[in-house]
Amino acid sequence: MRSLLFILVLITSIPVFSQTTQTIRGKIVDSESKFPLFGANVLVISDTTQLLGAATDLDGNYRIEGVSIGRHQVKISSVGYYDMVIPVVVNSGKELILNLDLEESSVQLKAAVVNADDDNDGVRNEMALVSVTSFSVEETDKYAGSRGDPARMASNFAGVSGSDDSRNDIVVRGNSPLGILWRVEGIDIPNPNHFAISGSSGGPVSILNNKLMANSDFFTGAFPAEYGNSVAGVFDLKLRNGNNEKHEFSAQLGFLGTELMGEGPISKKSGSSYLFAYRYSTLSLFGGLGVPIGTSAIPNYQDLSFKLNFPQKKGGSISLFAMSGMSNIDIVLSDQKEPEIETFGEQDRDQYFGTSMAVVGATYVKPINQKTFFKTTIAGAIDNQQAKHDYFERSIVNNQFELDTLYQILGYSFTQSKISVASYINKKVTKKDVLKYGINADLYIWNQQDSVFDDQVTNSWLRRWDNKSNGLLIQPYAQWKHKFSEVLAVNVGLHSQILTFNNSISPIEPRAGLKWKIDEKQTLTAGLGLHSQMQPTYTYFYQKPDGQVGFVQENRNMDFTRSIHYVLGYNAVVAKGLRLKSEVYYQSLFDIPVEVAPSSYSIVNQGSGFARFFPDSLQNTGTGTNYGLELTLQKNFDKSFFMMLTGAIYNSTYKGSDGVERNTDYNGNFATNFLFGKEFQIGERSTFNIGGAITWAGGRRLGIVDTAASALAREVVFRDSAYNEFQFRDYFRADIKINYKINAKKVTHEIGLDLVNFLGIKNLLNLTYAPTPDDPTRIVENTQLGFLPIFYYRIDF
């Protein structure tokens, strides 16, 4: 706390200059052809008498200097296009680079404005008409408890919830987190999180650095035809370009990491630029300095991301990008002398765990003419997870532990490499028609090794994975958008998906969306689509002993899981700056892998937590159903205040191979969120912000513990009867975030504190098998994250 007060005193003592101004500049292009717009007018609107503006040049570029620090609105207009009005925040430490797309009108316009009250505000993908939300870097920062993480931010949206406070896995409309697809610059990427478990989509700390991101889209259902290999949700993330005129830097010290970011021109003449960010675990730094942090198991991680952009003639560009991360943790309990509960891990073994991932790619964008552009991205990716477990038994002598036995029971290393290509052509056929077609292809290369020591029966090592193979996932698609009028638009598309190593094929997946603007304030939307997804890749190659051939991979020929999505939405502007959004949905899942022998098992219940799963023989005969109602009432940041209230009532069920309908693990039945933020102006150049978030949701599912099976498996096993019939008590959490910002001359200082679960509510997470010498069948309740204060100090210059 003293260090925080010192930083606050330091930055408040820095002189502030009343005449501090900044530059707003960027590029304006057609939203569908990406061709630069010449002569577009850009106007800065503020509460003062200041009126500044500029027009775009032949390349669509504009520049407005002398803009005062603070909040403004920027209005963009061009003949034959909808006007756009967006709120912005101008700081002294960095130029504001605002690259925007304008939507062309299909008829002669009288006066039409796209602003923050519109239901499709900011969505990057013009084909998206339903179940999509655009988000910005500011939103990942301003929501209390989001920690700058896109997934944790999205858990505040209607129909989306977190599954574990210590991780950022998200549940979308009752679906498993396995169904989440992460896409960056058009390429499907591996799990972008530190300490990621094989096959999962989340983790404790995100590798993605929000400071490199441009505005991006998040889909929760019935997504357009260009998105495949997902049945739940899609993060379509864009990386911004660095400043191509001046060098700018940021440094941040915080609980979640110590960061350095830089951007600037490579060549001012050509307009090329660089952008990078590096982060190292602050807890690792503290541990290295001998600062106690409450646990001997220190999570070590670091990540690096960059983007290099090289503009070409006639609006084209070539860019190189990369993101990578490494993490490891050693949880050693065998050397404990006194009973205690370690922050991480199970209590009967030493665990050594490490992960890494990297993506490196190149993107080429080429406007062919004013109506057509071509984009292709080529990338290579690799991710690895490895672990070693040493099991121990100990006794208590004179109130202290004495180690009796210690031996290795597990070792594995999973490596997945991938070479990806994503290419498409976007053609504006007429003012009313847009055609987009392309292909995504991923070549997977697997090296998966795993052995476990069977000390229960054979007293020998068993090799569960011994796989070196490859496979190709091919996804062609085509989609067409037609505007019947200024108030009615539809899109239709076809997607196909082929997995070569086991010949899984989804030949035709139809997709469709509709948007009808009833009047100036009301809009109806609808969407439907067939979607499919391959299984977590390691599950195909799990092998079991066979008396005749040694080992057999019984699940190698698993087919895709499939889901049909239906969505109907209604959006309304209920007052100035206040928007209501509602959607009702129904999802029918089929071809879900379930066990061949009658049981309650289904793969729809996997995908969260830190454990892999080891299925028996599976077949694609399972089914599932998700349906619900979602509501969002949102007030965008206006007059120094924003508010968002979201709610969802839903049901998520499935049938295993025994034909019994049960609740899925993720069927909480309801989830609500209330978020708010208020900004206070202090003097001419300083602001104080306070925000809050409250979450109330149904508790996690559980059944009746089978104590004998749990002791044999060394983990909690529920009986098939009454599986998921019970729930933990409701989940409740309240977060508060405060930050103070000072704009000095050419430098911006910000100090903040995010108080996660500041009431210290002990929400229940799960049950764990935790035997002791006195109780060999002991089962304990694990709670979610307690009170967690997260501080940071950032400087932009």
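Here GLY760 meets the list (1) in a loop (DSSP other than H, G, I, E, B); (2) open to solvent by 20 Å² or more (accessible area, probe 1.4 Å); (3) in contact (Cβ under 8 Å) with a residue 60 or more places away in the chain almost entirely, failing just condition (3). Residues that are touching a residue at least 12 places away in the same chain (Cβ under 8 Å), part of a loop (DSSP other than H, G, I, E, B) and surrounded by fewer than 21 Cβ atoms within 10 Å (Cβ to Cβ) within region 533-547 comprise PRO536, GLN543, listed in sequence order. For the subset of region 535-587 comprising residues that are of a type in the set (Asp, Glu) and modelled with pLDDT of 95 or more, which member is farthest from LEU618 (Cα to Cα)? Here the residue is GLU583. Does at least one position in region 385-395 carry a residue that is of a type outside the set (Lys, Arg) and under 30 Å from ILE439 (Cα atoms)? Yes.
Condition first: of a type in the set (Val, Ile, Thr), in contact with a His (Cβ under 8 Å, 6 or more places away or on another chain) and open to solvent by less than 10 Å² (accessible area, probe 1.4 Å). Now tell me which residues in region 187-207 satisfy that. Across region 187-207, the qualifying residue is only ILE207.
Among the residues of region 425-446, write down those that are in contact (Cβ under 8 Å) with a residue 40 or more places away in the chain, under 30 Å from LYS468 (Cβ atoms) and of a type outside the set (Asp, Glu). Once the filter is applied, which keeps residues that are in contact (Cβ under 8 Å) with a residue 40 or more places away in the chain, under 30 Å from LYS468 (Cβ atoms) and of a type outside the set (Asp, Glu), region 425-446 yields ASN440, TYR444, TRP446. Taking region 490-522 only, how many residues are under 19 Å from TYR570 (Cβ atoms) and surrounded by fewer than 18 Cβ atoms within 10 Å (Cβ to Cβ)? So the answer is 7. Counting only residues that are open to solvent by 30 Å² or more (accessible area, probe 1.4 Å), on the phi < 0 side of the Ramachandran plot and in contact (Cβ under 8 Å) with a residue 40 or more places away in the chain, region 658-678 holds 4 of them. Of the numbered criteria (1) open to solvent by 20 Å² or more (accessible area, probe 1.4 Å); (2) closer than 30 Å to THR458 by Cα; (3) aliphatic (A, V, I, L, M); (4) part of a strand (DSSP E or B), the one LEU580 fails is (2).
Taken together, GLY683, GLY699, GLY692 contain a single residue that is out of contact with any helix residue (DSSP H, G or I) (no Cβ under 7 Å at 6 or more places or on another chain), among the small types (Gly, Ala, Ser), touching a residue at least 60 places away in the same chain (Cβ under 8 Å) and open to solvent by 40 Å² or more (accessible area, probe 1.4 Å), which is GLY683.
Only one entry of LEU568, LEU530 meets the criterion of being open to solvent by less than 40 Å² (accessible area, probe 1.4 Å) and of a type in the set (A, V, I, L, M, F, W, C), and that entry is LEU530.
Selection within region 86-106: residues that are of a type in the set (D, E, K, R) and assigned to a loop (DSSP other than H, G, I, E, B). The member of this set that is farthest from SER46 (Cα to Cα) is GLU103.
Residues that are out of contact with any Phe, Trp or Tyr (no Cβ under 9 Å at 6 or more places or on another chain), more than 13 Å from ASN605 (Cβ to Cβ) and surrounded by 17 or more Cβ atoms within 10 Å (Cβ to Cβ) within region 632-657 comprise LEU633, PHE637, listed in sequence order. Tell me, yes or no, whether region 455-472 has at least one residue that is under 15 Å from ASN229 (Cβ atoms) and acidic (Asp, Glu). Among the residues of region 455-472, not one is under 15 Å from ASN229 (Cβ atoms) and acidic (Asp, Glu), which makes the answer no.
Can you say whether GLY262 is open to solvent by less than 60 Å² (accessible area, probe 1.4 Å), without any contact (Cβ under 8 Å) to a residue 40 or more places away in the chain and under 29 Å from the mean Cα position of the chain (by Cα), as far as the supplied structure shows? Spelling it out, GLY262 is indeed open to solvent by less than 60 Å² (accessible area, probe 1.4 Å), without any contact (Cβ under 8 Å) to a residue 40 or more places away in the chain and under 29 Å from the mean Cα position of the chain (by Cα). Considering every residue within region 277-292, establish whether at least one is among the small types (Gly, Ala, Ser), at pLDDT 95 or above, out of contact with any helix residue (DSSP H, G or I) (no Cβ under 7 Å at 6 or more places or on another chain) and open to solvent by less than 10 Å² (accessible area, probe 1.4 Å). Checked region 277-292: no residue is among the small types (Gly, Ala, Ser), at pLDDT 95 or above, out of contact with any helix residue (DSSP H, G or I) (no Cβ under 7 Å at 6 or more places or on another chain) and open to solvent by less than 10 Å² (accessible area, probe 1.4 Å).
Just to be sure before I move on: is VAL365 within 27 Å of the chain's Cα centre (by Cα), in a strand (DSSP E or B), of a type in the set (Val, Ile, Thr) and at pLDDT 95 or above in the structure I sent? Answer is no for this residue. Restricted to region 461-489, and to residues there that are over 23 Å from THR561 (Cβ atoms), free of Cβ contacts under 8 Å to residues at least 60 places away in the same chain and in a strand (DSSP E or B), the residue that is most open to solvent (accessible area, probe 1.4 Å) is LYS468.
None of ILE425, ILE445 is part of a strand (DSSP E or B), open to solvent by 60 Å² or more (accessible area, probe 1.4 Å) and of a type in the set (Val, Ile, Thr) except ILE445.
Selection of strands (runs of 3 or more DSSP E) fully inside region 643-732 by the criterion of at least 3 residues being more than 16 Å from VAL171 (Cβ to Cβ), modelled with pLDDT under 95 and touching a strand residue (DSSP E or B) at 6+ places or on another chain (Cβ under 7 Å) returns 670-682, 686-697. Based on what the data block shows, is SER281 closer than 23 Å to GLY380 by Cα, under 27 Å from the mean Cα position of the chain (by Cα) and touching a residue at least 12 places away in the same chain (Cβ under 8 Å)? Judged against the criteria, SER281 is not a match. I'd like to check something: does region 165-177 contain any residue that is farther than 18 Å from ASP383 by Cα, within 14 Å of the chain's Cα centre (by Cα) and surrounded by fewer than 24 Cβ atoms within 10 Å (Cβ to Cβ)? No; the residues of region 165-177 include none that is farther than 18 Å from ASP383 by Cα, within 14 Å of the chain's Cα centre (by Cα) and surrounded by fewer than 24 Cβ atoms within 10 Å (Cβ to Cβ).
The values are calculated or read from the model by the stated rules, or taken from the named source; none is laboratory data. Since we're looking at a predicted model, the values are computed, not measured. Here Cβ is always computed from backbone atoms with ideal geometry, including for glycine, and neighbour counts include all displayed protein chains. The protein model used for the area step is the full one, side chains on, heavy atoms only, and it has no ligands, DNA or RNA in it. Shrake-Rupley method; radii C 1.70, N 1.55, O 1.52, S 1.80 Å.
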